[in-house]
Amino acid sequence: MAGNKGTKEKGWLEFKYRNTGEPIRFPVGTVYGSGDGPTLLVLGGMHGSEYAGIEAAIRLFNEVDPSKLKGTLKVGMIYNLPAFVNNLGFLIPHDGRNPCSTFPGTPIGTYGEAMAYYFDQEMLSKADYFVELHGGDIPEALTPFTIHPASGDAEADAKSKAMSMAYNIPIVVKDDVSNPNDPPHAAFGVFQARGKPAILCESGQQGILKMEEMQTHLTGLRNVMVHLGMFDGQIVNTVKRIFLEDYVQARSEIDGMWYSKVVPNDLVKKGQVVGEIRDYFGERIMEVKASADGIITMIRTSPAVKPGNVIVEHGRIAGRDDSQ
Ligand SMILES: [Zn+2]
């Protein structure tokens, strides 16, 4: 797509999965501003049942006035459409992969890897800035947070942190993606590793489209666009921020039933038991402890777990912003 300045267009990005001939489709839109500026990509539905981010992406595309925009806004409304239409948490139904493990992808890999490859070619690699929207999948409860990846490129890392700050969400998480032996495979991490600023934003939960959680995203997105000079306006800044590092996604190692002893926003001490897994007969078979003094951002709300399921997320409190 290459439209004229001051116009808006929407439609389907369509590809064919080489291995089976199945279609790969993404609903996308572009707003071509009337003035010069950067290209921002906003993507909803990386996880197809995280509706707050999807709805915010759709609303942002519709509300932005091309005559007032400087630069180009590209919006992917729903990345993982196969999960969306099937009410499926996290995974791409064709290959059982979490899309956050598939970037930058390959056209001859699994279906999900081919999705990542084509989306990267047409959308991700053409943007200057990237916001990846999430919203707590069907079995997750969370408190809103943003993640800015740290790649070791000081300039890009400072810019992504500034975007996280502009999002007006109280919890700001730094995620180290600089280890060459453990390269990122989530879209926002891959983008940052290329020296371009990206953030991941979480608001929403449990397969519910709650308008105030959607609005958190929409306010954050408007703020990021003002911050990037894409349109004039005031940045809404109403929160006190807590900065988290050493972010942990604790996973189940076994089949069983998960019982959380914490809820999102709880403060925890290092070594504190945050939950346990019992077998189907009620016997405790795994205990999960906090790895540092920190704050709980997400808990799995479904008791049903298998190895690899994320059951709780938390980070070490590295600082607080009391400027508000
Ligand atoms: Zn997600």
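The values are calculated or read from the model by the stated rules, or taken from the named source; none is laboratory data. Please read all numbers here as calculations on a predicted model, not as lab measurements. Using ideal geometry, Cβ is built from the backbone for each residue, glycine included, and neighbour counts are taken over all protein chains shown.
The conditions of being at pLDDT below 95 and farther than 28 Å from Pro66 by Cβ are not met by Val190.
Selection of the stretch 236-280 for residues being under 21 Å from Val172 (Cβ atoms) and aliphatic (A, V, I, L, M) yields Val236, Val239, Ile242, Leu244, Val248, Ala250, Val262, Val263, Leu267, Val268. Taken over the stretch 220-279, the criterion of being without any contact (Cβ under 8 Å) to a residue 60 or more places away in the chain, under 23 Å from the mean Cα position of the chain (by Cα) and closer than 30 Å to Gly35 by Cβ is satisfied by Asn223 alone. When the residues of the stretch 112-141 are narrowed to those that are closer than 15 Å to Leu209 by Cβ and crowded, with 24+ Cβ neighbours inside 10 Å, which ends up nearest to the ligand (Cβ to nearest atom)? Filtering first and then ranking leaves His134. So for the stretch 162-175 (the condition being farther than 28 Å from Leu267 by Cα and either buried (at least 24 other Cβ atoms within 10 Å of the Cβ) or charged (D, E, K, R) (or both)), does at least one residue qualify? The answer is no; no qualifying residue exists. Within the stretch 1-51, the only residue that satisfies the criterion of being without any contact (Cβ under 8 Å) to a residue 40 or more places away in the chain and of a type in the set (Ser, Thr, Tyr) is Ser34. Test Pro197 against the stated conditions and say whether it is at pLDDT 95 or above and touching a Lys or Arg at 6+ places or on another chain (Cβ under 6 Å). Yes, satisfied.
For the stretch 124-140, the tally of residues that are touching a strand residue (DSSP E or B) at 6+ places or on another chain (Cβ under 8 Å), of a type outside the set (Asp, Glu) and closer than 18 Å to Ala193 by Cα stands at 6.
Quick check on my filter: what residues within the stretch 295-314 are over 17 Å from Gln205 (Cα atoms) and among the β-branched types (Val, Ile, Thr)? Within the stretch 295-314, Ile295, Val305 meet the criteria. Taking the condition out of contact with any strand residue (DSSP E or B) (no Cβ under 7 Å at 6 or more places or on another chain), among the hydroxyl-bearing types (Ser, Thr, Tyr) and either at pLDDT below 95 or within 16 Å of the ligand (Cβ to nearest atom) (or both), does Ser151 pass? Spelling it out, Ser151 is indeed out of contact with any strand residue (DSSP E or B) (no Cβ under 7 Å at 6 or more places or on another chain), among the hydroxyl-bearing types (Ser, Thr, Tyr) and either at pLDDT below 95 or within 16 Å of the ligand (Cβ to nearest atom) (or both).
Is the stretch 71-80 home to any residue that is among the β-branched types (Val, Ile, Thr), under 15 Å from Asp137 (Cβ atoms) and within 14 Å of the ligand (Cβ to nearest atom)? Scanning the stretch 71-80 turns up at least one residue that is among the β-branched types (Val, Ile, Thr), under 15 Å from Asp137 (Cβ atoms) and within 14 Å of the ligand (Cβ to nearest atom).
Here's the yes/no breakdown for (1) away from the ligand (no atom under 16 Å from the Cβ); (2) within 30 Å of Gln205 (Cα to Cα); (3) within 17 Å of the chain's Cα centre (by Cα):
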| residue | (1), (2), (3) |
| --- | --- |
| Trp12 | yes, yes, no |
| Lys16 | yes, no, no |
| Arg25 | yes, yes, no |
| Gly29 | yes, yes, no |
| Leu41 | yes, yes, yes |
| Gly45 | no, yes, yes |
| Gly48 | no, yes, yes |
| Ser67 | yes, no, no |
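Yes/no matrix, rows are residues, columns are (1) hydroxyl-bearing (Ser, Thr, Tyr); (2) under 18 Å from Lys269 (Cβ atoms); (3) not in a strand (DSSP E or B):
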site: Ile285; (1), (2), (3): no, no, no
site: Ile296; (1), (2), (3): no, yes, no
site: Gly308; (1), (2), (3): no, no, yes
site: Val312; (1), (2), (3): no, yes, no
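Inside the stretch 242-283, residues that are among the β-branched types (Val, Ile, Thr), assigned to a loop (DSSP other than H, G, I, E, B) and farther than 12 Å from Arg300 by Cα make up a count of 1.
Within the stretch 97-111, the set of residues being within 18 Å of Ile78 (Cβ to Cβ), in contact with an Asp or Glu (Cβ under 6 Å, 6 or more places away or on another chain) and surrounded by fewer than 22 Cβ atoms within 10 Å (Cβ to Cβ) comprises Tyr111 only.
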